[in-house]
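Quick notes on the structure that follows.
The values are calculated or read from the model by the stated rules, or taken from the named source; none is laboratory data. Everything quoted here is computed from the prediction, not taken from an experiment. Please note: Cβ atoms are built from the backbone with ideal geometry, for glycine as well, and neighbour counts cover all protein chains shown. The area values use the complete protein model at the heavy-atom level, side chains included, leaving out ligands, DNA and RNA. Shrake-Rupley method; radii C 1.70, N 1.55, O 1.52, S 1.80 Å.
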Amino acid sequence: MGGKNKQRTKGNVRPSSSGRAAEVLTREGGVIPGFVGFGSAVTSELSYVPAVHGAEDIDNLVDADFRLVLRKLSKRDVVTRLKAVQDFGSMCQERDAEEVKGVLPYWPRIYCKISVDHDRRIREATQQAFEQLVLKVRRSLAPFLKSLMGHWILSQCDTYTPAASAACQAFQAAFSPTKQPEALSFCKDEILSVLQDIFLASVPIPLTRDTKYVRMLTSSLLGVKRLLSLLLPEDRVALEEKLAHLVNSGKFWKYSKHKTPQVRGAFFEMVCALCEFTPGLVQAEAARLCPTVLLSIDDTDPVVLPPVWEAVLHVVSTIPDCWTHVNAKKGFLPKLWALLKEGGKGMAKALHPNLMPLLSKLPPQVTDPNLDFYTTFFTAFVQGLSSERAVTSPSESAVIVTSFVECMRYCVLHNIEEDEDQRKIRTMLISQQLLPLLEESLRNPSLQNGPLFLLGTEMLISWEKRAGLHSEGEANDNKDVFQRLLVDFWEDLGLLLVRYVDNEDADPQALEGVASLLQVMRYPERVNKRHVHKKKSVRMCFSKPEDNEKTGVEGDGVEKLVQTVSELVNEKAFGSLQTQHFEDVVCQLAQLCLVHVNEKNSERHLVFLSLLLRSFHTSRVFSVSHATPDNSILMSLDDKQRDEVIMKNPAMHFLLERVVVWLAEKGRRDTEHLVEMVFSSLYCCSRQETTRILSHITTMDLQWGIILQIIQRACTDPETLQSCSDWLKGSVLGEQLLGLTEELCKVGSSSYVSTSSTSSHSWTLISLVLSQRHNNESLIGEVYMEKILEKLHTTLLETKSLSDAGNMEPLISFICDVASTFFSSVQDCLLLVSAEELLLTVFQLTAQDQTHTHMSDSLLDKLKKVCAAGVQSLVQHCDYEVTEGGFLHISELLYALQWCKEVKYSPTTVSAYHNLLTDWGLSDGLHTNNNFGLCVADVYGCLAVLLCCLQANTHVEEEVVLAILATVMEWRNSREDWFLFSSDISKATAEQLNLSVEIMRFLSWLVTHCPTVLGGSQWDFLLCSMLAWLETASENVSSLWNPWVQLFVCENAALIVKLNQFFTSSSSELLEKLPSELAGEWTDFFIEGIYNLLLPLPVKITDAFTEPDDPLFPMAVLQSVGMALIFVPVPQLNQNSLPPRFIADQKTNLPEPLQTLLNTFCPLLLFKARPLQITVYHLLEKVMPQLPECDGEEDSNKSDDDRDEPCLSPPASLMAILSTCEELCDNILAAVQVGEFAVVQPLSVEYSCILGYLLTWKLLLTFFKSSPSHLRAHYAQYLKRSCSLNKLLLHLFKLMPENPVYPSHGSETRETKTFFTEGLFLAVNKTDGVEWELPHLACSVYYSTVQDLPAMVRLWWNSQEKRVSAAVEKFTIKYVSPVLSAQEISSVHTSTQMFDSMTVKARSAAREVIATYSVDDIFIELVIQLPQNYPLGSITVESGRRVGVAVQQWRNWMLQLSTYLTHQNGSIMEGLALWKNNVDKRFEGIEDCMICFSVIHGSNYSLPKKACRTCKKKFHSACLYKWFTSSNKSTCPLCRETFF
């Protein structure tokens, strides 16, 4: 046979072609050839996908692109098939309808194969592509429907929901709802044949466990259901014969016991459809159907149980004699009892809603004897509530309770006759089932919180309506039965509740349960119904109660039933219970409570009575006690008033006689329930009575905590507040509160105990009445509010005047709490004069010297917070007027003093303001008793004023400036300690530090404004002072928590920045006017000194202050030091004096100083301080271009290895940080999809992590761009293997905004600015626009990546799924490609690179580059075309003119250039240089490698060096390695001899 290595016959220059062979066959036999394999799913005819390129009539049928895609669909590779299906859908959407119609003859067989593919993604994509095909061809699909419809229905029942949904969507796109039955009717036989072939086919036993077989079997069973549900009735009748053949098969019934739950569930769903749509068929198969369904109720798999029970209801409704085929007593009921006792085995939500419909369909032969049956049924029901799942799951328990009550209501309604048996059933249901369940719920909180009480109440209301107790109740012949039923229930319930309440040691939990039950019965409409299970829609019908003897199925079963659940069972309960027995029980319980409270002082019964009265505040309940004790409060009233109270209002009688007495009892701790009892009584009182009673309670000298509770309770709802408003705003409460305030504010009293709980309640009460607002009105009268505030103000004034104010801390603290709440809560509070005075007093206390007031730091902080709250309220009120002596007037003067101390005014003005404030008792601590301190302060003030004048551009003579500098230099000699050189600045005062700061500012001004005035000695003083201050700062890092020290270091760094800017940016003319040796000294000495001290400073700071969120963290210092560090020269970084820092096992070729630099600063890229991260980036960016040189030296020393593609790691320190950042970013961005914009909170932890990650990549890309071509290939291979670049690109498309428009602050221009057109400058001290920094940085990194690593980005893009690749391409085409293409073309124009024998030109409009190569008589012209989606798409190389080059050699060179431009990570000019080098080598006589047919290797740029000893041909090492590994041979590729 002819192998692929066999030599071709001489003269046969054309390779074999199936197209030409087909042409010959067509000419000779007239038959159109093709590839067999794509045919109809159900017919025996074969269909073909034409493969002939020469036959025009076939080309017209199928487009070449479609042909290619259809062939790919038969490939084995999953990814290939998936992309082919996606491409097919896209082509159907984009191509013309006629082109798509040409595919239709070949589509059915392909669809039938891939629609059941084992990969769910392919199945989903197939249906989506089919939808596009349907939308394009429309009616032209009709001739192929019969071939498609079977698998189409199968796909609509796919177990993978997205695939099924897509198939249904395609079906709806093809046919409107009215046309769907017609289409299915047309194909019904073919559909059923396909489905029937699947589940009646003989399958080997091992295959039955195959997931694909199980899935198709499940889908086919569900497909029958879907087919029957969509067909018209007459079509269903026509299918009954074929369905009968299916149902008669023994294999069909075995699926009910299949090992896979999905199959069993689908089987029972199909049975439901058969019962619903073909009742005659199932009745014929009743003997097998009934046992199969009714005896499967114990299958509690979550997938199977719902369809099983639906099938059970269908069977008992559709087959009247179903119980003749099943032994209910032995087979069905025992399984049902077991299920109920176990609470449905965790499936109560699916099981229990079906029980009541089932109960209604059980015939007498199943339920006889009825009493025993119902007893067993409900007993098992209640036992299910004790099952493990019901106990732990409130929702499961709620479903069981709901079903229990439904079934009980049904049983009562269907047993309302007067005969003895039905009476016993009713008695059993009440006494043995319902009441024991209620009793259990009283002890069980979970049952109390469930729906039992509400559903029981609704059942009672239903019985009351039938008993005629409701006016809207319907006429009922069984009224007496329901009346007796209610009497029995309330008697038994009353005895039950009395048994719980009439007990001295009653369980509080049970009493609360009793109260909860009665409350629900009283107000069922107020219950939260979240636990009431939504009833399952079961289409059942029942006869009316009076026709209960005729209960049965009307019409033909479930189909004609219109009620979802019986109206009789689930009717709405409107209103509340009307029976007198209910109130009798409540009154009895209230009397029992009073007995226990009066005789035994039972607190738990008092609490229960309070709970009872919350719901039952009626006259009858309040009338339970009629005896009035002699010491009652009513005795204090005159006879007329007492009789009026007793006769007219029992609630008021009860309140004054009982509740108020209980409130007045001494030693009572818990009074909340008594306060609730007060308001329960007030519900029955008029507004005037309410005011009288509450005023009386207020004057009873009760604990203030009780008054606080009453006011809080009055504010809980608007109605109560309205009824109590007269009392709240009245004089009785106001005077009492004013008296309380005066009592609390007594200063100097030895009996004052501010920490007692009583005092705490009192202060809370004062705070409440001042701060609580309703409809923007005060809670109490405004007059009393003013008086209380005035009293607080007066008290604070008294404490301010006392020298021992520290002893009054508790009192001041309480007043602060009240004031803070008042200022924060009350809008426009400062409109009150007393409120403003209070705020001013607090402000003055804050401003006083702490050494005078002896206040603690915590109290001072509290005073400051009160002041801040008041100022905030003041700022929000725009109409506030400034009055002399008011808060704003005083605060303005204080702020003026602060400004004087900083820069604004002369010392004289400072003194005047200080004297004024001292008169007011305010001292700012400016003066001390130390004369030296006074001197420093004066000097500091003078310098501040001087700088203010200088910065205001005031004209100053040079002589004056020099005189001032001379004075400062004199201080250097006479008062050296003022300068803090080499001193411990932690011991320095604020004035000393500020003096140094002002000197630094003055020297900075000199450098900027008059450097030429300074002589050599002045420059020496300036530079030496700067260096000495820097040394002091470096030695005192631990003191940077002090703001004054921070200011000291910041100003020193600012001076260094000014000097750097001066020496690097000044013109040569200016520098010539300076002392001659100054520039040399700066470069040779001071630069080294500065950066030897500055470089270690960031590390020292981060070691000393590890928490950047700490308020004391010196962020400002890091920013200032960073501004100075970015001026560091590269030689200084290369020869730094940082402490050596190396990592064990770290592979590196770098010199020790550079490696130390990287190991020291790289970890700081992740430190949560933006200025530090930016500084480190700028430092490392300076050294990145030098690092590849070290790898280059090492690489040149290595011999040519035999590896496939050698890789080389970028700097290990950077890669370690990158690895850490990747994990953090993965966690941060995990929930964000590609293409979505992740909004990151500026300066948060996440912001710092992502910023460090992007900066690290910026450094890596700088390093990569600086590398020579051969090293770049090694680094790229490392990035490829580590997958770091793939992760970066995914992260970038989550960080780049969907519309990266540059936020412009100026006027709009015609061209839209984006983050890609505008450069990014990472400023250390940037504060504006930080929210846009990360998106802009992400765009910058993406641009650099596609610019420097285009081949790797292209490779990543091609490997992504379609959704991601489409989003990436759309974004790149719109925003990146135009900018990048223009830059590539521009770089060709502006390139200074010169080539011998080659010229390069560019056409910007056409995005083309033309390279012309000429040597001797050879002339070559190549046209390089950039694609629209550059660099994602491949660059095309087209042929221009050529002279003296063979065609084959010409094609080889074009292919080589195309390969270099596609696979090399660099610019077009670099690719052209590589290609020219390759051609030059060819002309120099170096032969091509006979594996890659290129002189220079495409990735590592090596020459062919490995020679075969036999044929002497040379090969690239990497090519040979790939050849040996892929062929598993060690022979020469050319001569086949063993390669040594």
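Key figures for this structure:
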read-out: Verdict on ALA1351 being touching a residue at least 40 places away in the same chain (Cβ under 8 Å), in a helix (DSSP H, G or I) and within 25 Å of the chain's Cα centre (by Cα); value: no
read-out: Selection status of ASN1286, out of contact with any Cys (no Cβ under 6 Å at 6 or more places or on another chain) and loosely packed, with under 13 Cβ neighbours inside 10 Å; value: no
read-out: Members of region 435-467 found to be of a type in the set (Gly, Ala, Ser) and surrounded by fewer than 21 Cβ atoms within 10 Å (Cβ to Cβ), listed by number; value: SER446
read-out: Selection within region 116-163 - in a helix (DSSP H, G or I), open to solvent by 30 Å² or more (accessible area, probe 1.4 Å) and in contact with a Leu (Cβ under 9 Å, 6 or more places away or on another chain); value: ARG121, SER140, PRO143, PHE144
read-out: Among the residues listed as GLU491, GLU512, the single one being more than 20 Å from MET459 (Cα to Cα), at pLDDT 80 or above and open to solvent by 30 Å² or more (accessible area, probe 1.4 Å); value: GLU512
read-out: Meets criteria (at pLDDT below 50, surrounded by 20 or more Cβ atoms within 10 Å (Cβ to Cβ) and assigned to a loop (DSSP other than H, G, I, E, B)) for VAL553; value: no
read-out: Close pairs (6 angstrom Cβ cut-off, 6 or more residues apart or separate chains): touching a residue at least 12 places away in the same chain (Cβ under 8 Å) and buried (at least 21 other Cβ atoms within 10 Å of the Cβ) in region 77-95, hydroxyl-bearing (Ser, Thr, Tyr) and part of a helix (DSSP H, G or I) anywhere; value: VAL85/THR126
read-out: Of all residues in region 1023-1057 being at pLDDT 85 or above and of a type in the set (Gly, Ala, Ser), the one that is most open to solvent (accessible area, probe 1.4 Å); value: ALA1054
read-out: Selection within region 355-369 - surrounded by fewer than 18 Cβ atoms within 10 Å (Cβ to Cβ) and among the polar types (S, T, N, Q); value: GLN365, THR367
read-out: Matching residues, region 256-284, being surrounded by fewer than 20 Cβ atoms within 10 Å (Cβ to Cβ) and closer than 28 Å to LYS329 by Cβ; value: LYS257, PRO279, GLN283, ALA284
read-out: Filtered residues of region 691-707 (kept if buried (at least 19 other Cβ atoms within 10 Å of the Cβ) and either at pLDDT 75 or above or of a type in the set (Lys, Arg) (or both)); value: THR691, ILE693, LEU694, ILE697, THR698, ILE706, ILE707
read-out: Among the residues listed as GLN432, GLN483, the single one being open to solvent by 50 Å² or more (accessible area, probe 1.4 Å), within 26 Å of LEU362 (Cα to Cα) and out of contact with any Asp or Glu (no Cβ under 8 Å at 6 or more places or on another chain); value: GLN432
read-out: Residue that is surrounded by fewer than 21 Cβ atoms within 10 Å (Cβ to Cβ), in contact with a Phe, Trp or Tyr (Cβ under 8 Å, 6 or more places away or on another chain) and modelled with pLDDT under 85, where the choices are ALA1116, ALA1079; value: ALA1079
read-out: Any pair with Cβ under 8 angstrom, 6 or more apart, that starts in region 500-522 at a residue that is more than 16 Å from PHE616 (Cα to Cα) and ends at one that is outside any helix (DSSP H, G or I) and among the aliphatic types (A, V, I, L, M); value: TYR500/ALA506
read-out: Candidates SER471, SER431, filtered to the one that is at pLDDT 85 or above and among the small types (Gly, Ala, Ser); value: SER431
read-out: Cβ-Cβ under 7 Å pairs, at least 6 apart or on other chains, region 105-121 side closer than 17 Å to GLU190 by Cβ, far side outside any loop (DSSP other than H, G, I, E, B) and of a type in the set (D, E, K, R); value: SER115/ARG123
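Every residue, every condition in (1) of a type in the set (Gly, Ala, Ser); (2) more than 22 Å from SER1344 (Cα to Cα); (3) open to solvent by less than 20 Å² (accessible area, probe 1.4 Å), yes or no:
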| site | (1), (2), (3) |
| --- | --- |
| GLU1223 | no, yes, no |
| ALA1230 | yes, yes, no |
| GLN1241 | no, yes, no |
| GLU1246 | no, yes, no |
| TRP1257 | no, no, yes |
